[in-house]
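All remarks here apply to the structure that follows.
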Amino acid sequence: MPDRTMIDIRGVSRSYGSFKALDEANLSIREGEFFSLLGPSGCGKTTLLRMIAGFDTPTTGKIVIDGQPMDGIPANRRPTNMVFQSYAIFPHLNVEQNVAYGLKRLRLGAEEEKRRVEEALAMVSLTGLGKRGATELSGGQRQRVALARALVMRPKVLLLDEPLSALDKKLREQMQVELRRLQKAVGITFILVTHDQYEALAMSDRIAVMFGGRISQVAAPKEIYQRPVNRQVADFLGGMNFIRAELVEEAGNTIVVDTLGFGRVRTERPPAWEGNGRAATLGIRPERLRVLWDDARAAHEVAGTLIERHYFGEITHLVVDVPGMEKPLSVTETNDFGADDLPVGATIRLAYDPDALVAMAD
Amino acid sequence: MKALARKWLPAYAGLYVIFLYLPILLLPIFSVNASPIPQFPLTGITTKWYRDLPKTPALIDAAWNSLIVGVAAAVLSTVLGICAARAVTRYRFPGRRPIQGLIMAPLVLPEIIIAISMLLILLSLGLSLSLFTVVLGHVLICIPYSITVLVSGFEGFDRSLEEASADLGETAFGTFRRVTLPMVAPAIISSLLVSFTISLDEFIMAFFLAGTETTLPIYIWGQLRFAAKLPGVLALGTLMLAASILMLTFAEVLRRRAERRTADAGAALA
């Protein structure tokens, strides 16, 4: 059962006039996977989701769900169900009727239908609210009804279009955990569209990062975060210090570069990287640089002057100017040792793990 | 100044309301007066004038005509109104606002001018005047009301509701029946009622375009020349008034319900 392909996207493009919303997308999503399409607005992620659901048709290319090509199959005959960004709860029906909406067509009989509805409501912790009117629900409850209404159909694939974006921060984080747990419990393939990188990182088995209608990288959250293929992906997923480097040696999968500040670095050659003369770009995440206190030493160090300090409660953000480097380094440090009290202007030393320095395409 | 306003404003408002509604109030009062002369004090209470109404064939004819015209005008203006309201609320197209303005214009244009223009056009088209031409005139008058009611019902209708229905396996027709229609039905019924009421009471268009036919307002106008017929007219007027108020109230209740529904559906997006 694992590694069976559930959705196959083959060379799918979608144009609106001269505007290419999606350009030659290729993806293979496995059965039971929690897969996220991540990118800024207008990157084509919603277009792709809507084409999987059947609300939009590819200009070219093919979408195959569970071995069956979807060409010409309308939304109402696809084995997918969707949780809409607006939730699209039918306002003239109560919670129960909303959840039972799709079941009515299956003619299961009153008893079986009732059982399935109860089961779905229990799954999203809405037991007992069945008779509640759709307009009397809070945002979080609407979201749960939308989820129950889709899951009750037992789809092969559940599509989620920015389902958490309308919720406040606390509720959103709670729902992230719940959704993930729910997905593991039901074992259905989930495809989530989001522009929130934390959401994607926290929930997904794999993420496709998209920009301008193209898929830049498909990988597990850790891989995407730690080894982004290019600057754009690196930037979108969080803070990143970019370091200019010069290529010294290229041997198979490894490259050796010279940098100002970090000296000579040996690192893995990034997949999308093409030799751009001798120039290269390295990156290191701000939390991978640690302040060295007092006389502590580390195998790899870089020293500089603290020029700015920003306090964020649990962490402090430091900006450190390193002689010779074109841009100051961003550092996030926990506050256990007093990073929040470091005087601006002080010289500080930073330790790093050379493995945290990754080469990437521009 | 403020104190003065506080003291006199309610009095002014009260006078205003009396000025507006006292004449209308007199109508039912004199319609049950035993004497045919509308004068205080009342000489006695009677339902005679009401009982006489069904015995007047000319009145029954006029009532039938009004009913036919009213239903036809209501259906036509609502159908046209649905198209326009749907276009205005769903699509963004160039000239949307000017078009909306032009559709509403008959509300403020002098009715007699529109009536004369219509008469000229219909005659030059070679159409003979009949109930059909009255219907055309009434549709023109009713459409702004229809559209106002329908737009407030359609506005905020979240398109993803129809998509959600399709997504849950429903066909296009099933979606229309189970989602679209229940959502907009109150607004449609409300539009039908409002249009019917307006057509029922409308005089100027009917007067110009009816030819030899009579509708209720034309019949009433004709009767006013005979003093003896006045109580009957008052009774008929009272009935029409009651019917209008009833239908408009019901229409407004439905319109508000439609508005609330669509507004709730859209609220999640806000």
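Residue check: is B:Ala63 within 26 Å of the chain's Cα centre (by Cα), within 30 Å of B:Phe154 (Cβ to Cβ) and not polar (S, T, N, Q)? Answer is no for this residue. The test for being within 9 Å of chain B (Cβ to nearest Cβ) and either in contact with a strand residue (DSSP E or B) (Cβ under 8 Å, 6 or more places away or on another chain) or in contact (Cβ under 8 Å) with a residue 40 or more places away in the chain (or both) does not hold for A:Leu158. All but one of (1) within 24 Å of B:Glu162 (Cα to Cα); (2) in a loop (DSSP other than H, G, I, E, B); (3) modelled with pLDDT of 90 or more hold for A:Pro40; state the number of the condition that does not hold. Only one criterion is unmet by A:Pro40, namely (1).
For every residue, the table says whether it meets (1) surrounded by 14 or more Cβ atoms within 10 Å (Cβ to Cβ); (2) not in a loop (DSSP other than H, G, I, E, B).
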position: B:Ala105; (1), (2): no, yes
position: B:Ile116; (1), (2): no, yes
position: B:Leu129; (1), (2): yes, no
position: B:Leu136; (1), (2): yes, yes
position: B:Ser165; (1), (2): yes, yes
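For region A:286-299, state whether one or more residues are among the β-branched types (Val, Ile, Thr), within 22 Å of A:Thr267 (Cβ to Cβ) and crowded, with 19+ Cβ neighbours inside 10 Å. Can you show your working first?
Applying the first criterion (among the β-branched types (Val, Ile, Thr)) to region A:286-299 yields A:291.
Filter once more, keeping what is within 22 Å of A:Thr267 (Cβ to Cβ): none.
Checked region A:286-299: no residue is among the β-branched types (Val, Ile, Thr), within 22 Å of A:Thr267 (Cβ to Cβ) and crowded, with 19+ Cβ neighbours inside 10 Å.
A quick yes/no check of all residues on (1) out of contact with any strand residue (DSSP E or B) (no Cβ under 8 Å at 6 or more places or on another chain); (2) at pLDDT below 95:
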{"residue": "A:Pro2", "(1), (2)": "no, yes"}
{"residue": "A:Ala21", "(1), (2)": "no, yes"}
{"residue": "A:Phe34", "(1), (2)": "no, no"}
{"residue": "A:Gly44", "(1), (2)": "no, yes"}
{"residue": "A:Met70", "(1), (2)": "no, yes"}
{"residue": "A:Ile73", "(1), (2)": "yes, yes"}
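Residues of region A:131-155 that are small (Gly, Ala, Ser), farther than 15 Å from A:His92 by Cα and in contact with a strand residue (DSSP E or B) (Cβ under 8 Å, 6 or more places away or on another chain): A:Ala150 alone.
Summed over region A:72-84, residues that are at the interface with chain B (Cβ under 8 Å from one of its Cβ atoms) and hydrophobic (A, V, I, L, M, F, W, C) total 3. Does at least one position in region A:103-121 carry a residue that is closer than 25 Å to A:Glu162 by Cα and either surrounded by fewer than 18 Cβ atoms within 10 Å (Cβ to Cβ) or among the basic types (Lys, Arg) (or both)? Yes, region A:103-121 contains at least one residue that is closer than 25 Å to A:Glu162 by Cα and either surrounded by fewer than 18 Cβ atoms within 10 Å (Cβ to Cβ) or among the basic types (Lys, Arg) (or both). Is one or more of the residues making up region B:207-225 part of a helix (DSSP H, G or I) and touching a Lys or Arg at 6+ places or on another chain (Cβ under 8 Å)? Within region B:207-225, one or more residues are part of a helix (DSSP H, G or I) and touching a Lys or Arg at 6+ places or on another chain (Cβ under 8 Å). Within region A:313-344, being farther than 14 Å from A:Val302 by Cα and among the polar types (S, T, N, Q) holds for A:Thr316, A:Thr332, A:Thr334, A:Asn335.
Here's the yes/no breakdown for (1) buried (at least 16 other Cβ atoms within 10 Å of the Cβ); (2) at pLDDT below 90; (3) more than 30 Å from A:Gln143 (Cβ to Cβ):
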{"residue": "B:Ser191", "(1), (2), (3)": "yes, no, yes"}
{"residue": "B:Ser195", "(1), (2), (3)": "yes, no, yes"}
{"residue": "B:Asp201", "(1), (2), (3)": "yes, yes, yes"}
{"residue": "B:Gly211", "(1), (2), (3)": "no, yes, yes"}
{"residue": "B:Leu216", "(1), (2), (3)": "yes, yes, yes"}
{"residue": "B:Ile220", "(1), (2), (3)": "yes, yes, yes"}
{"residue": "B:Thr238", "(1), (2), (3)": "yes, yes, yes"}
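Residues in region A:133-150 that are at pLDDT 90 or above and surrounded by fewer than 21 Cβ atoms within 10 Å (Cβ to Cβ): A:Gln141 only.
Looking at the structure I just gave you, is B:Ile60 under 19 Å from B:Glu213 (Cβ atoms) and surrounded by fewer than 15 Cβ atoms within 10 Å (Cβ to Cβ)? When the stated conditions are applied, B:Ile60 passes them.
Need at least 1 residues that are more than 30 Å from A:Val320 (Cα to Cα) and outside the structural domain of A:Thr281 (by TED's automatic domain parsing) per element, so show me which strands (runs of 3 or more DSSP E) inside region A:160-254 make the cut, counting only ones lying wholly within it. Don't jump to the end; show me each part of the working.
On the way: elements: A:189-194, A:206-211, A:214-219, A:241-251.
Correct list: A:189-194, A:206-211, A:214-219.
With respect to (1) out of contact with any Gly (no Cβ under 6 Å at 6 or more places or on another chain); (2) closer than 30 Å to A:Asp56 by Cβ, the lone exception for B:Val135 is condition (2). Of all residues in region B:23-66, those that are part of a helix (DSSP H, G or I) and either charged (D, E, K, R) or without any contact (Cβ under 8 Å) to a residue 60 or more places away in the chain (or both) total 13. Apart from one condition, B:Leu150 fits all of (1) surrounded by 23 or more Cβ atoms within 10 Å (Cβ to Cβ); (2) under 12 Å from the mean Cα position of the chain (by Cα); (3) not polar (S, T, N, Q); the exception is (2).
For region B:167-178, which positions are within 7 Å of chain A (Cβ to nearest Cβ) and surrounded by fewer than 24 Cβ atoms within 10 Å (Cβ to Cβ)?
If we filter region B:167-178 for residues that are within 7 Å of chain A (Cβ to nearest Cβ), which is where we start, we get B:167-171.
Of everything in region B:167-178, those that are within 7 Å of chain A (Cβ to nearest Cβ) and surrounded by fewer than 24 Cβ atoms within 10 Å (Cβ to Cβ) turn out to be B:Gly169, B:Glu170, B:Thr171.
Scanning region A:323-350 for residues that are within 18 Å of A:Ala245 (Cβ to Cβ) and either part of a loop (DSSP other than H, G, I, E, B) or at pLDDT below 85 (or both) yields A:Pro323, A:Gly324, A:Met325, A:Glu326, A:Lys327, A:Pro328. Looking across region A:85-131, the residues that are within 13 Å of chain B (Cβ to nearest Cβ), part of a loop (DSSP other than H, G, I, E, B) and farther than 16 Å from A:Leu151 by Cβ come down to A:Gln85, A:Ser86, A:Phe90, A:Pro91, A:His92, A:Leu93, A:Arg107. Part of a helix (DSSP H, G or I) and either touching a residue at least 60 places away in the same chain (Cβ under 8 Å) or loosely packed, with under 10 Cβ neighbours inside 10 Å (or both): does that describe B:Leu15? No; evaluated as a whole, the condition is false for this residue.
The values are calculated or read from the model by the stated rules, or taken from the named source; none is laboratory data. In this text the structure is predicted, and so the values were computed from the model without any measurement. With ideal geometry, Cβ positions are generated from the backbone for all residues, glycine too; neighbour counts draw on all protein chains shown.
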